[in-house]
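This report concerns only the one structure given below.
None of the figures in this text is laboratory data; all of them are computed from the coordinates on show. Since the structure is predicted, the reported quantities are computational estimates derived from the model, not experimental observations. Note that each Cβ is placed from the backbone with ideal geometry, even for glycine, and that neighbours are counted across all protein chains shown.
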Amino acid sequence: MTLILFNKPYGVLCQFTDPDGGATLGDYIPVKGVYAAGRLDKDSEGLLLLTDNGALQNAITSPRHKTAKTYWVQVEGEPNADSLQQLRSGVTLKDGQTRPAEVRTISEPAALWPRQPPVRERRAIPTCWLEIILHEGRNRQVRRMTASVGLPTLRLIRAQIGQWQLGELQPGEWCRVDAPQLRAGRQAEHRAERRTGQRAGQRSRRGKPTSRRG
């Protein structure tokens, strides 16, 4: 059984090929036979899990398991108590009411890397960081939730899925968690087997997303 933790850079598709020539998982992860357990939008960043085991993939992604997913979200505007409570209680989207979520304001994460391209912020409008923990996974859910309370998402980073954390992985880096660790249910050790994909190296030379902190 294989489980890979990957820090997906901005602009990378959660698939191994793209007929249009865009950046994909195949540019970073040379391991054969693994596939993403869940997805991240092209314009989102952070933790993505990949596995070669169908049962594990189902355990991570099935709604009935309600696996917690933690996001760091930079929004435009400053939330008030009412908008935070709406997000916590559940908001009504086109595909129905969202489940209750854990939501709090946070400082900008200390370990955060610069995004390439940078986030476009409007000088006259403040921004704020939120930590949002969901137990479901709808299409572009976090972005739609914050927009529904008047707080457009500027940047979205997934920091944790269940027991697995992003840790010190930089954009384009991945690490492997072996089967004994999975069976024991222990925290993944992110510092071991850290690797950087070919695409990350290429982009660092062009001044685009890299696997190192800027």
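Structural remarks
- Sorted by Cβ neighbour density within 10 Å, fewest at the top, the residues Met145, Met1: Met1, Met145
- The H on the amide N of Gln165, modeled in the peptide plane, is under 5 Å from the matching H of Ala188, each at least 5 residues off or on a different chain.
- Residue-wise HN-Hα coupling along region 14-20, computed from phi with Karplus coefficients 6.51, -1.76, 1.60 (Hz; x: Gly, Pro): 7, 8, 8, 9, 8, x, 8
- By the beta-carbon count within 10 Å of each Cβ, the least crowded to most crowded order of Leu56, Leu130, fewest first, is Leu56, Leu130.
- Distant-in-sequence amide contacts of Gly22, defined by a placed amide H-H separation under 5 Å and a gap of 5 or more residues or a different chain, comprise nothing.
- Sequence-distant residues sharing a close amide H with Arg104 (under 5 Å, placed H): Glu131
- Derived scalar couplings ³J(HN,Hα) [region 31-46; Karplus, 6.51 cos²θ - 1.76 cosθ + 1.60; whole Hz; x for Gly, Pro]: 6, 8, x, 9, 8, 5, 9, x, 9, 9, 4, 4, 8, 10, 10, x
- Rounded to whole Hz, the Karplus (6.51, -1.76, 1.60) HN-Hα couplings of region 98-115, x for glycine and proline: 7, 6, x, 10, 8, 9, 8, 7, 9, 6, 4, x, 5, 8, 5, 9, x, 8
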